[in-house]
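*Asks:* Dumping the structure here so I can ask a few things about it.
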Amino acid sequence: MPEQSIVLVVDDEVGPRESLRTVLKPDYQVLVAAEGEQAVRLVEQEPVDIVLLDLRMPGLSGIRVLEKIKAIDPSIEVILVTGYASYETVLEALRLHAFDYVPKPFNVPHLREMVKRAATHRHSRVWLQQTKEEDVRARNETLEQRILELTAELTAANKKESEASRDSVWPVPTKSLGLSSAYTRG
């Protein structure tokens, strides 16, 4: 990965929140939030790559926080970490494009590997998006240059045609058309 990823840990319980911070701190920049609204504010203010999100919290539910995070930036990878997930909740989270689900208590090596995969996936998506934008920008610049060239060619061709038609105006034989008058001398 090109730079250290930023991971946001969202859990209302101090123990799991601080455990996750301690586990991830050697490899990532770690931010923490104790509740959903605080997490949403952090995502709005900070460049977050990955969110580890508890599903059951007072105030905003984990699913509602997931929805808001994805509305702010769909490329942020969200991993659900909870001991209370039902099958329906996990399905709802996956429908909202959660990256994965980790049950509590979590297995540290498994969690580290999952966060690493999420970071790689996030950076790949961001790189691909930037590459697409650069490609579109380069194509637009090429098209704009070609339009300027064609416009210049058309302007030059119109000028030549205008000069050629001005030089090739034939005198109208007024006598043969019966248009002679005092003004046409003939």
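*Asks:* Tell me, what is the percent relative contact order of segment 6-122, built from C-alpha pairs under 8 Å that lie six or more residues apart?
*Replies:* Here the relative contact order equals 24 percent.
*Asks:* In addition: What order do you get for Tyr84, Tyr28, Tyr101 when you list them from fewest to most C-beta neighbours inside 10 Å?
*Replies:* Tyr84, Tyr101, Tyr28
*Asks:* Please arrange Leu8, Leu154 by counting, for each residue, the other beta carbons lying within 10 Å of its beta carbon, fewest first.
*Replies:* The order, fewest Cβ neighbours first, is Leu154, Leu8.
*Asks:* If you find the alpha carbon centre of segment 121-146 and of segment 5-49, how far apart are they in angstrom?
*Replies:* Spelled out, the Cα-based centre of one part sits 31 Å from the other.
*Asks:* To continue, here is another question. Order of His123, His97 from fewest to most other C-beta atoms within 10 Å? Kindly include the intermediate steps, with their values, before the conclusion.
*Replies:* Details: His123 17, His97 13.
Neighbour counts put them in this order, fewest first: His97, His123.
*Asks:* Kindly provide the Kirkwood hydrodynamic radius of segment 1-111 in Å, to one decimal, from all pairs of distinct alpha carbon atoms.
*Replies:* 13.7
*Asks:* In whole Hz, what ³J(HN,Hα) sequence does segment 8-19 give by Karplus (6.51, -1.76, 1.60; θ = phi - 60°), x for Gly and Pro?
*Replies:* Karplus-based 3J(HN,Hα) across segment 8-19 equals 9, 9, 10, 7, 6, 8, 4, x, x, 4, 6, 4 Hz.
*Asks:* Using only DSSP helix segments of four residues or longer, with each worth -39500 (n - 2.57), what per-residue ellipticity at 222 nm results for the chain after dividing by its residue count and rounding to 500?
*Replies:* -18500 deg cm²/dmol
*Asks:* Scan (1) -0.29, -0.62, -1.43; (2) -0.47, -0.72, -1.23; (3) -0.41, -0.70, -1.28 for the value of log10 I(q)/I(0) by the Debye sum over Cα atoms at q = 0.09, 0.13, 0.19 Å⁻¹ calculated from this model and give just the label.
*Replies:* Here log10 I(q)/I(0) by the Debye sum over Cα atoms at q = 0.09, 0.13, 0.19 Å⁻¹ agrees with entry (2).
Only the coordinates and a few stated rules stand behind these numbers; no lab work does. Since this is a predicted model, take the numbers as computed values, not measurements. Cβ sites come from the backbone with ideal geometry, for glycine too, and all protein chains shown count toward neighbours.
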